[in-house]
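Student: My questions will all concern the structure given below.
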Amino acid sequence: MKEDNVKAFLNSHKETLPENGFNARLFNTLNYLPQPFPAKNRSPLIVGIFTGIGCLLFVLLGGYSVLLNGLSTMDRIFIDVHAITPDILTTCIMLALAFVALIRFAVRSYHC
Amino acid sequence: MNRKEFELQVQINQEPLRRFLRNLCRGDAALADDIAQEAFIKAFLHLETFGGRSTFSTWLFRIAYNCFCDTKKAAERYSPVEVESLIVTASEKSDQAFDHQALYLALDKLNTKERTAILLFYMEEKSLKEIAVITRMPVNTVKAHLSRGRLHVSEHLKVIGHERG
């Protein structure tokens, strides 16, 4: 009841303001200001640079062989938990992070 | 967003924004239009920062609310007593203020945060989430301000005999 009363009161006092040259004055002022430029989307460039760095590090640090070794020994994890070596753990974490980053980027790009 | 799209947004949003500011300034049309113009200019100069996470209207209202707070702070810094009386005097002089005196008197019972929440929710039909974005307050705080504001306006309406049912 209280809300209805307040709402009715405010609605009954809702003004319709005439434009009174407000837009013209504003647009005239805008003519003297620096014009806007479309925002540059730098994400593909940043993603490209970091992907390149990641690939370079992967090759230089012998990531391929570590990845293969890690993956080939993954079946042992389910049999014996003690078989998890730091290599396997790091590989799994890095792969998971890479997938999360890739999916996030894909979703964001889709929404933009 | 280019200049043409911005001009279209100005045409769509100028009335609700000016009305909100005018009510926030309790009828001082000149001050409200100055703040609205400042808000539009700031929005134009920072168009590239509009990321589209909220609607353009919400983004614009947020800029305008910040401009209002800055103006109020600056005015209070220079003459803490005169500002309030200046706004009341200006509103008394205005014809529109006379027509809407009951509204301004009711809004006078509220502090700035309550007034903002009440005006955005009931008059500009913004959602709680949008008000939270505009005022940079958590949704629960907005709810609290809205509730207190409603209570104060309701009490005032009782006093002036505007109560229904």
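The values are calculated or read from the model by the stated rules, or taken from the named source; none is laboratory data. Note that this is a predicted model, so its numbers are computed, not measured. Reconstructed Cβ throughout: ideal geometry from the backbone, glycine too, with neighbour counts over all protein chains shown.
Student: Return the residues of the stretch B:28-51 that are part of a loop (DSSP other than H, G, I, E, B) and surrounded by 16 or more Cβ atoms within 10 Å (Cβ to Cβ); say none if nothing qualifies.
Tutor: B:D28, B:F50
Condition check ((1) within 30 Å of B:L24 (Cβ to Cβ); (2) part of a helix (DSSP H, G or I)) across all residues:
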residue	(1), (2)
A:T16	yes, no
A:L26	yes, yes
A:L33	yes, no
A:F37	no, no
A:N41	no, no
A:I49	no, yes
A:L57	no, yes
A:L68	no, yes
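Student: Quick one: in the stretch A:36-47, of everything that is at the interface with another protein chain (Cβ under 10 Å from one of its Cβ atoms) and surrounded by 12 or more Cβ atoms within 10 Å (Cβ to Cβ), which residue is farthest from A:Y110 (Cα to Cα)?
Tutor: My answer is A:P36.
Student: Are any residues in the stretch B:120-165 outside any helix (DSSP H, G or I), at the interface with chain A (Cβ under 10 Å from one of its Cβ atoms) and closer than 14 Å to B:A106 by Cα, and if so, which ones?
Tutor: B:H162, B:E163
Student: I would also like to ask the following. Condition first: surrounded by fewer than 20 Cβ atoms within 10 Å (Cβ to Cβ), in a loop (DSSP other than H, G, I, E, B) and modelled with pLDDT under 90. Can you find one or more residues in the stretch B:100-109 that meet it?
Tutor: Yes, some residue in the stretch B:100-109 is surrounded by fewer than 20 Cβ atoms within 10 Å (Cβ to Cβ), in a loop (DSSP other than H, G, I, E, B) and modelled with pLDDT under 90.
Student: Quick one: how many residues across the stretch A:11-68 are farther than 30 Å from B:F44 by Cβ, touching a helix residue (DSSP H, G or I) at 6+ places or on another chain (Cβ under 8 Å) and of a type in the set (A, V, I, L, M, F, W, C)?
Tutor: Total meeting the criteria: 5.
Student: Name the residue, out of A:F27, A:F50, that is out of contact with any strand residue (DSSP E or B) (no Cβ under 6 Å at 6 or more places or on another chain), within 7 Å of chain B (Cβ to nearest Cβ) and of a type in the set (F, W, Y).
Tutor: The unique qualifying residue is A:F27.
Student: Applying the selection to the stretch B:126-150, what residues are surrounded by fewer than 16 Cβ atoms within 10 Å (Cβ to Cβ) and among the charged types (D, E, K, R)?
Tutor: Listed by number, the residues that qualify are B:K129, B:R136.
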